[in-house]
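Q: There's a structure below that I have some questions on.
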Amino acid sequence: MGHLLQYILNGLARGSIYSLIALGLVVIYRGTGHLNFAQGEMALFATFGAWWINDHGFPLWISILLAALGAFVGGGLIEYSLIRPAAKKSPFAVVVITIGLFQAFNSLSGLLFKGAATGLPFGTLFPDAPSDFFRLPGGVIWRYENIGVLVTVVIITVLLFVLFQKTKIGLAMRMVANNADSAKLAGVPTNKVLMLSWALSAAIGTIGGCLVAGINANVSLGTMFGVFLLASAAATLGGLDSPIGAVVGGLSLGVVESLVTNYPNDWWGSTYIGADTAIAVAFVIILVVLLVKPSGLFGSTRVERV
Amino acid sequence: MTPERAPLLEVRDLVAGYGAVQVLTGLDITVAEGEVAVMLGANGAGKTTTMRAISGMINRKGTITFRGEALTRRAPDEIVRMGIAQVPQGRGTFTDLTVEENLRAGAYVRKGSGIEADLEEWFGVFPRLRERRSQKAGGLSGGEQQMLAIARALMSRPKLLLCDEPSLGLAPIITQELFDVLKRLNTEQGLSILIVEQNANLALRIAHSVFVLETGSIVASGTAQEISNNDAVRTAYLGY
Ligand SMILES: Nc1ncnc2c1ncn2[C@@H]1O[C@H](COP(=O)(O)OP(=O)(O)O)[C@@H](O)[C@H]1O
Ligand SMILES: [Mg+2]
């Protein structure tokens, strides 16, 4: 049984990252009903940005904060200059734009950052020497870095909760999410709220990207593909418009992935079951959940159109 | 019911619609300070379009003047700040928010002081809402949601309340209660109200002035008395 706990703890770390990217998706989806397919690649670009700042001699945590700040501004600008005009045309136009952005940010990263294709070394905010772990009963170890990543996600989730539930801006965001027409009639400048959603989402994504890069000790053009796939699965599982659903969805998929990749290896001593199988299993789980509960685990029942 | 009150809202030559479809083709209405005005009209006549045009929710042409200020070019949030609040057709409740949050949402354009006192005031007027203040608004009955929608609109401290078919889908007894509340708000607080209604008999009972809308423009207007005596209107809207 020692293995089980070990795999769960490992899974929670990756799951934390899925949660963050999923949170970013949810923050946008709630306000606009749009799925931002570029969420992962926007985060990737910002992560390269953090690498670049760090490479210029700034401490890593400052680099990450600056990159998140830049992403905040950039996310808002993207909403204002691309998404908003497209949304006036049709929802499909928005899908096309976000897919275009997906491609654009990946290519731009490759152009701007030499060595991006093969990967650049990325530091971590948390102690990650081989001996940096807690020893738990049964020979299970819990690495400080994994704890750090999980705690970061918990902190961001709590901050988001406070923002949504306790502040006027948060109330405005919930109003727009629930009934945009009524929010407008109540005097909420809904455009600014949507811009803020994109800004916030991009900033959260940046933290997620930098955490993945930290765990991998490396950031490359391919870093976010799989992460985004599982994160969007996590957001769907959680209900698309529920922040808590995104976190629960992300953590559970992280754990599922860890179990599915590790146990078969233990049992059959083979390594042919890898990440792809994990993704397949994740999608089967989602299919089953959505069949039973079309609005996802925590989604409001309005979200049934996906 | 003196007709000599100062005009609060003046709408002249209002043209509005959706994309290429023109719904309002030059509409004129005037709501005086402190009065209850009612707009009658069949389904699809353009009543909701008129309300949305006044609130700035759709593109419109013509002149709309409120307390002497033009608002045709203003955005919905500015119009709320100027003192016009709308209860949309179908109530527009924030179903995922609690009753109390709905009311705070209504106070979005206001700052700090007075909001708590107003909450208490409307909980006093609508005791059912106080009982359910922490419940999600989506769980309320239709009548309760309509009361909530009105209280929410009032939280912005409007001078003019626009109510779009408040009786829609409500039992007659609830509708009666609702109109009693609207009447009280008018007489006790001096609130000016523009109500869109299909239930003409009920609306005429609390109305000072009445407008009859047919396919995009006003075809008859006058005091409640005059309109009740107008034979054409009687047959079309009052059914006797
Ligand atoms: N969003 C819309 N897009 C296109 N046409 C609309 C829209 N809303 C209403 N209409 C049309 O405008 C006309 C007036 O509608 P409306 O103002 O809702 O009427 P009423 O409130 O008097 O029943 C109707 O013919 C309706 O079909
Ligand atoms: Mg209508």
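Q: With (1) within 14 Å of chain B (Cβ to nearest Cβ); (2) more than 25 Å from A:Gly299 (Cβ to Cβ) as the list, and A:Gln165 as the residue in question, which single condition is left unmet?
A: Here A:Gln165 meets the rest and fails (2).
Q: If you don't mind, there's one more thing I want to ask. Is one or more of the residues making up the stretch A:130-149 farther than 26 Å from A:His3 by Cα, touching a residue at least 60 places away in the same chain (Cβ under 8 Å), assigned to a helix (DSSP H, G or I) and away from chain B (no Cβ under 14 Å)?
A: The answer is no, given that none of the residues of the stretch A:130-149 is farther than 26 Å from A:His3 by Cα, touching a residue at least 60 places away in the same chain (Cβ under 8 Å), assigned to a helix (DSSP H, G or I) and away from chain B (no Cβ under 14 Å).
Q: A further question on this structure: Within 14 Å of chain A (Cβ to nearest Cβ), assigned to a strand (DSSP E or B) and either at pLDDT below 95 or within 16 Å of ligand 2 (Cβ to nearest atom) (or both): does that describe B:Gln22?
A: no
Q: Name the residues in the stretch A:179-203 that are at the interface with chain B (Cβ under 7 Å from one of its Cβ atoms), of a type in the set (S, T, N, Q) and over 16 Å from B:Ile54 (Cα atoms), would you? Working first, answer last.
A: Here is the first cut: in the stretch A:179-203, the ones at the interface with chain B (Cβ under 7 Å from one of its Cβ atoms) are A:179, A:181-182, A:184-189.
Among the residues that remain, those that are also of a type in the set (S, T, N, Q) are: A:179, A:182.
Residue satisfying the conditions is A:Asn179 alone.
Q: Just one of the numbered conditions (1) in a helix (DSSP H, G or I); (2) at pLDDT 95 or above is not true of A:Leu221; which one?
A: Looking at each condition in turn, A:Leu221 falls short on (1).
Q: If you go through the stretch B:112-132 one residue at a time, do you hit one that is outside any helix (DSSP H, G or I) and touching a residue at least 60 places away in the same chain (Cβ under 8 Å)? Explain how you work it out, then say what you get.
A: Filtering the stretch B:112-132 for residues outside any helix (DSSP H, G or I) gives B:112-114, B:126, B:132.
With touching a residue at least 60 places away in the same chain (Cβ under 8 Å) added as a condition, the list becomes none.
Checked the stretch B:112-132: no residue is outside any helix (DSSP H, G or I) and touching a residue at least 60 places away in the same chain (Cβ under 8 Å).
Q: Does the stretch B:173-184 include one or more residues that are open to solvent by less than 20 Å² (accessible area, probe 1.4 Å) and within 22 Å of B:Leu97 (Cα to Cα)?
A: no
Q: Looking at B:Ala53, B:Ala32, which one is within 16 Å of ligand 2 (Cβ to nearest atom) and in contact with a Lys or Arg (Cβ under 6 Å, 6 or more places away or on another chain)? Give the derivation first.
A: Working: B:Ala32 fails: within 16 Å of ligand 2 (Cβ to nearest atom).
Result of the check over B:Ala53, B:Ala32: B:Ala53.
Q: Is it the case that some residue within the stretch B:6-17 is among the small types (Gly, Ala, Ser), more than 16 Å from ligand 2 (Cβ to nearest atom) and in contact with a strand residue (DSSP E or B) (Cβ under 7 Å, 6 or more places away or on another chain)? Break it down stepwise before answering.
A: First pass over the stretch B:6-17, keeping only residues among the small types (Gly, Ala, Ser): B:6, B:16-17.
Going one step further and asking which of them are more than 16 Å from ligand 2 (Cβ to nearest atom), we end up with B:6.
Now restrict to residues that are in contact with a strand residue (DSSP E or B) (Cβ under 7 Å, 6 or more places away or on another chain): B:6.
Yes.
Q: Which numbered condition trips up B:Leu14, out of (1) within 14 Å of ligand 1 (Cβ to nearest atom); (2) away from every other protein chain (no Cβ under 14 Å); (3) at pLDDT 95 or above; (4) within 22 Å of B:Ile206 (Cα to Cα)?
A: So the condition that B:Leu14 fails would be (4).
Q: Next up: Out of the stretch B:143-194, which residues are within 14 Å of another protein chain (Cβ to nearest Cβ) and not in a helix (DSSP H, G or I)? Working first, answer last.
A: Our first condition is that a residue be within 14 Å of another protein chain (Cβ to nearest Cβ); within the stretch B:143-194, this holds for B:145-146, B:148-158, B:160-164.
Passing the criteria: B:Met155, B:Ser156, B:Arg157, B:Pro158, B:Leu160, B:Leu161, B:Leu162, B:Cys163, B:Asp164.
Q: Tell me, which residue of the stretch B:186-240 that is aromatic (Phe, Trp, Tyr) and in contact with a strand residue (DSSP E or B) (Cβ under 7 Å, 6 or more places away or on another chain) is surrounded by the fewest Cβ atoms within 10 Å (Cβ to Cβ)? Spell out the reasoning first.
A: The initial filter retains those residues of the stretch B:186-240 that are aromatic (Phe, Trp, Tyr), namely B:211, B:237, B:240.
Next cut, in contact with a strand residue (DSSP E or B) (Cβ under 7 Å, 6 or more places away or on another chain) only: B:211, B:237.
On the way: B:Phe211: 26, B:Tyr237: 23.
The residue in question is B:Tyr237.
Q: Related question: Quickly run through the stretch B:65-112 and pick out the residues that are among the aromatic types (Phe, Trp, Tyr) and within 17 Å of the chain's Cα centre (by Cα).
A: B:Phe66
Q: Taking the conditions exactly as written (more than 19 Å from the chain's Cα centre (by Cα) and crowded, with 18+ Cβ neighbours inside 10 Å), does A:Leu150 satisfy them or not?
A: No; evaluated as a whole, the condition is false for this residue.
Q: Please specify each residue of the stretch B:82-91 satisfying the condition of being of a type outside the set (Val, Ile, Thr) and more than 16 Å from ligand 2 (Cβ to nearest atom).
A: Answer for the stretch B:82-91, where residues must be of a type outside the set (Val, Ile, Thr) and more than 16 Å from ligand 2 (Cβ to nearest atom): B:Met82, B:Gly83, B:Ala85.
Q: Now for a different question. I need the full set of residues from the stretch B:25-58 which are open to solvent by 40 Å² or more (accessible area, probe 1.4 Å), within 12 Å of ligand 1 (Cβ to nearest atom) and in a loop (DSSP other than H, G, I, E, B), in order please.
A: Within the stretch B:25-58, B:Ala42, B:Asn43, B:Gly44 meet the criteria.
Q: Another question about this same structure. Among the residues of the stretch B:59-90 satisfying the criterion of being open to solvent by less than 20 Å² (accessible area, probe 1.4 Å) and part of a loop (DSSP other than H, G, I, E, B), which is farthest from the other protein chains (Cβ to nearest Cβ)?
A: Per the criteria, the residue is B:Leu71.
Q: From the residues in the stretch B:58-81 that are aliphatic (A, V, I, L, M) and in contact (Cβ under 8 Å) with a residue 24 or more places away in the chain, which one is nearest to ligand 2 (Cβ to nearest atom)?
A: Per the stated criteria, the residue is B:Ile58.
Q: If you check B:Gln135 against the conditions, is it in the same structural domain as B:Gly56 (by TED's automatic domain parsing), surrounded by fewer than 17 Cβ atoms within 10 Å (Cβ to Cβ), under 27 Å from A:Val188 (Cα atoms) and without any contact (Cβ under 8 Å) to a residue 60 or more places away in the chain?
A: For B:Gln135, the condition - in the same structural domain as B:Gly56 (by TED's automatic domain parsing), surrounded by fewer than 17 Cβ atoms within 10 Å (Cβ to Cβ), under 27 Å from A:Val188 (Cα atoms) and without any contact (Cβ under 8 Å) to a residue 60 or more places away in the chain - is not met.
Q: A further question on this structure: Being part of a helix (DSSP H, G or I) and within 16 Å of ligand 1 (Cβ to nearest atom), is that true of even one residue in the stretch B:203-221?
A: yes
Q: Can I ask one more? Looking at A:Gly238, A:Gly250, A:Gly214, A:Gly187, which is the one that is on the phi > 0 side of the Ramachandran plot, small (Gly, Ala, Ser) and crowded, with 18+ Cβ neighbours inside 10 Å?
A: None of the other options fit; the residue is A:Gly187.
The values are calculated or read from the model by the stated rules, or taken from the named source; none is laboratory data. Keep in mind that this is a model prediction, so the values were computed, not measured. All Cβ positions, glycine included, derive from the backbone under ideal geometry; neighbour counts span all protein chains shown. Heavy atoms of the whole protein, side chains included, go into the accessibility calculation; ligands, DNA and RNA do not. Shrake-Rupley method; radii C 1.70, N 1.55, O 1.52, S 1.80 Å.
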